[in-house]
1. What are the residue pairs meeting all of these: first residue in the range 78-95, first residue in contact (Cβ under 8 Å) with a residue 60 or more places away in the chain and surrounded by 11 or more Cβ atoms within 10 Å (Cβ to Cβ), second residue in a loop (DSSP other than H, G, I, E, B) and among the polar types (S, T, N, Q), Cβ atoms under 8 Å, and 6 or more apart or on different chains?
2. Just to be sure I understand the filter: pairs with C-beta atoms under 7 Å, separated by 6 or more residues or on different chains, first member in the range 51-70 and farther than 16 Å from Gly26 by Cβ, second member at pLDDT 95 or above and in a helix (DSSP H, G or I). Which pairs pass?
3. Which count do you get for residues in the range 66-99 that are touching a Leu at 6+ places or on another chain (Cβ under 9 Å) and of a type outside the set (Gly, Ala, Ser)?
4. Out of all the residues in the range 51-99, which are of a type in the set (D, E, K, R) and modelled with pLDDT of 95 or more?
Amino acid sequence: MSDDRRDDRLYALLMCQDRSSVDLRGADRKPLFDRILALRGPVGPDTIYGFVPALGLGGALRPDQAEIFDGPVHLELLAELSERRIMDKEDLLHMWIGQ
């Protein structure tokens, strides 16, 4: 596959997602986003939802375990929980669409 074709597929994948296709499902197998939004309120431009404890430390995908965090700080802390892996376009495509 050419680089241009890969770029087009990745762009289409990212731009054509609807909310339901990217919403995580909780431990109860129900979508989480609307429940977390109702419980915690909206995030701001520099904040994100995260779980306490972090999922990498055994936390559960449950709305009551979600909190609002400073985005860059929380992502930096999460990055320290596991070994970093550099992903290229092929890795992303494989992860998202299995090809």
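1. What qualifies is Leu93/Gln99.
2. Hits for this filter: Ile68/Arg40.
3. 9
4. Arg62, Asp64, Glu67, Asp70
The values are calculated or read from the model by the stated rules, or taken from the named source; none is laboratory data. Source: prediction; values computed, not measured. FYI the Cβ positions are ideal-geometry reconstructions off the backbone, even for glycines, and counts take in every protein chain you see.
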